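In what follows, a structure is listed as C-alpha cells, so that the remarks can point back to it.
The values are calculated or read from the model by the stated rules, or taken from the named source; none is laboratory data. Small disclaimer: the values here were computed from a predicted structure and weren't measured. When we count neighbours, we look across all protein chains shown, and the Cβ atoms used for this are built from the backbone with ideal geometry, even at glycine.
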Amino acid sequence: MAAEKPAFDDFVAARSTVLLRTAYLLTHDHALAEDLLQTALTKSWFAWSRISGSPEAYVRKVMVNTFASSWRRRWNGELATAELPERGADDTADAVTTEHDLWAAMARLPRRQRAVVVLRYFDDLTEVQTADVLGCSLGTVKSQASKALAKLRIDPGLAEHHAGAGTGGES
C-alpha cells in the first residue's frame with residue numbers, strides 16, 4: 001500500500017491544476033471548486049489501488065458525479081428577501097461586470113448539459129471520452145451538447161452582446 005501513495009502524490013502534483021480548472025468551470029466559484037476537487041481526490045485516494053486505465057478520467061468522473069449530486073445534499077444558505085440591500089457608494093462591482101456573461105449563461109444550463117459543455121469544449125475531450133466520464137451513451141453526449149449550445153445561442157445575455165457586436169461594422 002505504501003507504493004500507491006507516492007504515485008497518487010505525483011498524480012496530484014502533476015494534474016491538480018487542470019482538474020481544478022475543470023472544477024471551477026463546473027461550479028464557477030473558487031471555494032466550491034477547491035472543495036469539489038478535494039472531495040474527488042479524497043474519494044479517488046481510497047480507490048487508488050483499484051483504478052485501472054487513466055486515473056485522470058476516473059477523478060474527472062468522480063468530480064462530475066459529485067458535482068451533479070451535490071445540489072441534493074447541500075443547502076446554499078441563501079434566503080429570498082423582498083428588498084435588496086443598499087449598495088455602497090464606493091462599490092466597484094459595476095466596473096467589473098459586463099452585459100454578456102458566459103458564466104451566467106452557463107449557470108442557467110442544467111447541470112448535465114453544463115458538464116457536457118465543460119468537458120467537451122473547455123477540457124477538449126472527445127465525445128467518447130465525455131461519455132465515458134459521464135457514464136452515459138455517445139448519443140446522450142451529442143444530444144446534451146446540442147441542447148446546451150441551442151440554449152446558449154438564444155440566451156438573452158449572450159444574444160444582446162452578439163447583436164451589439166454585429167452592428168458595429170455594417171453600413
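Out of segment 40-62, which residues are charged (D, E, K, R), buried (at least 19 other Cβ atoms within 10 Å of the Cβ) and over 16 Å from the mean Cα position of the chain (by Cα)?
None - no residue of segment 40-62 is charged (D, E, K, R), buried (at least 19 other Cβ atoms within 10 Å of the Cβ) and over 16 Å from the mean Cα position of the chain (by Cα), so the list stays empty.
Which members of segment 118-130 meet the condition of being free of Cβ contacts under 8 Å to residues at least 60 places away in the same chain and crowded, with 20+ Cβ neighbours inside 10 Å? Before the answer, list the steps.
Initially, segment 118-130 is screened for residues free of Cβ contacts under 8 Å to residues at least 60 places away in the same chain, giving 120-121, 124-128, 130.
Scanning segment 118-130 gives 120, 125, 130.
Yes or no: segment 6-15 includes at least one residue that is within 26 Å of residue 128 (Cα to Cα), touching a Phe, Trp or Tyr at 6+ places or on another chain (Cβ under 6 Å), at pLDDT below 90 and not aliphatic (A, V, I, L, M). First the steps, then the outcome.
Initial filter on segment 6-15 (within 26 Å of residue 128 (Cα to Cα)): 8, 11-12, 14-15.
Now restrict to residues that are touching a Phe, Trp or Tyr at 6+ places or on another chain (Cβ under 6 Å): 8.
Then drop every residue that is not at pLDDT below 90, which leaves none.
No, there is no match, as no residue in segment 6-15 is within 26 Å of residue 128 (Cα to Cα), touching a Phe, Trp or Tyr at 6+ places or on another chain (Cβ under 6 Å), at pLDDT below 90 and not aliphatic (A, V, I, L, M).
Look at residue 45 and say whether it is modelled with pLDDT of 90 or more and either assigned to a helix (DSSP H, G or I) or among the hydroxyl-bearing types (Ser, Thr, Tyr) (or both). Even if it seems obvious, please write down each step before you answer.
Working: modelled with pLDDT of 90 or more: yes; either assigned to a helix (DSSP H, G or I) or among the hydroxyl-bearing types (Ser, Thr, Tyr) (or both): yes.
So residue 45 passes the test.
Right, residue 139: in a helix (DSSP H, G or I) and either at pLDDT 90 or above or not assigned by TED's automatic domain parsing to the domain that holds residue 29 (or both) or not? Full working, then the answer.
Values: in a helix (DSSP H, G or I): yes; either at pLDDT 90 or above or not assigned by TED's automatic domain parsing to the domain that holds residue 29 (or both): yes.
For residue 139, the condition - in a helix (DSSP H, G or I) and either at pLDDT 90 or above or not assigned by TED's automatic domain parsing to the domain that holds residue 29 (or both) - is met.
Sort through 117, 128, 133, 64 and tell me the only one that's within 26 Å of residue 154 (Cβ to Cβ), modelled with pLDDT of 80 or more and assigned by TED's automatic domain parsing to the domain that holds residue 151.
On the way: 128 fails: within 26 Å of residue 154 (Cβ to Cβ); 133 fails: within 26 Å of residue 154 (Cβ to Cβ); 64 fails: assigned by TED's automatic domain parsing to the domain that holds residue 151.
Only one candidate qualifies: 117.
Consider only pairs whose beta carbons are under 6 Å apart and that are at least six residues apart or on different chains; among these, list those whose first residue lies in segment 31-50 and is hydroxyl-bearing (Ser, Thr, Tyr) and whose second residue is surrounded by 14 or more Cβ atoms within 10 Å (Cβ to Cβ).
Final answer for the pair search is 39/66; 44/59; 44/62.
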